[in-house]
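Readers should treat all values here as calculations from the given coordinates under stated rules, not as data from a laboratory. This one's a predicted model, so the numbers in the text were calculated from it and none came from an experiment. Cβ placement follows ideal geometry from the backbone for every residue including glycine, while neighbour counts extend to all protein chains displayed.
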Amino acid sequence: MKIAFIIDPLDKLKAYKDSSVAMMRSAQARGHQVFAIGRDGLLVRDGEVHALAAALVLASDDAHWYSAAAPALQPLAYFDAVLMRQDPPFDAEYIAATWILERAVAQGAKVFNNPRAIRDHSEKLSLTEFPQFAPTTLVARDSTSLQAFIDELGDVILKPLDGMGGSGIFRVRADDPNRNAILEALTDLGRRSIMAQRYLPQISEGDKRVLLIAGQVMPYSLARIPMAGETRGNLAAGGRGVAMPLSAREREIAEALGPILWARGLLIVGLDMIGGHLTEINVTSPTCMVEIAQQTGYDIASQVILALESV
């Protein structure tokens, strides 16, 4: 197979922990050709989607992990599979990429995650489709509604709808003297919607990333455990990653969502759970495969390639 990855610049990737690099290495190990495409390398000429794609040869040395041929222009349908692994922010250019990739799908390209599904699944808002698994949640920009929610629950998490890596997340108690200023800043004085959720004290046990591959539940999560004095478990915010088997509740939630999300073309999904509650559904570029493999020996990256071989 010829498998192309739409990713950030190669020299910016941290090969020792990057899930996309792990998938590329797994693809090559299984005899497939691997290509890299930058988002700026996508183009549409007379209705046909093309991409500047560089053939890669992967190495095990994390400091010098690839060699790349000169990029060549190819129709996107030339590849047997294309993985959209561009990191957020999910901005206007990201949306434009999903429009272009949607045209490629119409021309026969196999793109994962499906570009329409990526666009339709806000990583924060999509959990509102499954309220039975989520903590008490409010999405609003109106200060009165948000203030009433804080007063009702007493202890909440506030987060922007377009954040990643724990950026812009605040824990706010009803008696917090800064609550008005925090709400004003996050909502841009009522011009931007945000998400408010009941604070889950089980965050001390980890914000757990559960991975779904082609609808199948992977047997280990990565618990991102906050460092002392921190509310956020995100690795980017200093959290410590500990792989562990899924709890019965985590498996229940994952097995309920797996077939639904795979039917929408979401090959790789990262479910975030705290204390048996679903808090986010990550579909743009879910990670944590390397940490799980290092700690348990279970190779989720290879499971992705096996899934691609059968679609």
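Observations on the structure shown:
- Projected label distance in nm at MET1 and ASP80, using a 7 Å step from Cα toward the beta-carbon: 0.7
- Percentage of interatomic Cα-Cα distances in the chain larger than 34 Å: 24
- Vicinal HN-Hα couplings computed from phi for region 47-63 (Karplus, 6.51 cos²θ - 1.76 cosθ + 1.60; Hz; Gly/Pro x): x, 9, 7, 10, 8, 7, 10, 9, 5, 10, 10, 8, 10, 7, 6, 5, 7
- HN-Hα J in Hz across region 85-90 - Karplus 6.51, -1.76, 1.60, θ = phi - 60°, x for Gly and Pro: 10, 6, 5, x, x, 7
- Note on the chain: dipole from Cβ charges, positive end direction compared against LEU189, THR98, LEU161; the farthest Cα belongs to THR98.
- Members of LYS12/LYS159; LYS124/LYS159; LYS124/LYS208 lying beyond 18 Å, as alpha-carbon distances in this model show: LYS12/LYS159
- Residue separation of GLU48 and LEU73 scaled by 0.36 nm, minus their Cα-Cα distance, works out to 7.8 nm of gained length.
- D (Stokes-Einstein, µm²/s), Kirkwood Cα radius, region 2-113, 1.567 mPa s at 4 °C: 91
- Sites ASP8 and ASP142, calculated FRET efficiency, Cβ-Cβ separation with R0 30 Å, nearest 0.05: 0.25
- Label separation (GLU152 vs ASP120): 2.9 nm, computed from points 7 Å beyond Cα along the C-beta direction.
- Percent RCO, i.e. relative contact order, over region 136-199, from Cα pairs under 8 Å lying at least 6 residues apart: 49
- Helices in the chain, meaning DSSP H runs of at least 4 residues, each add -39500 (n - 2.57). Divided by all residues, the mean residue ellipticity at 222 nm is -8500 deg cm²/dmol.
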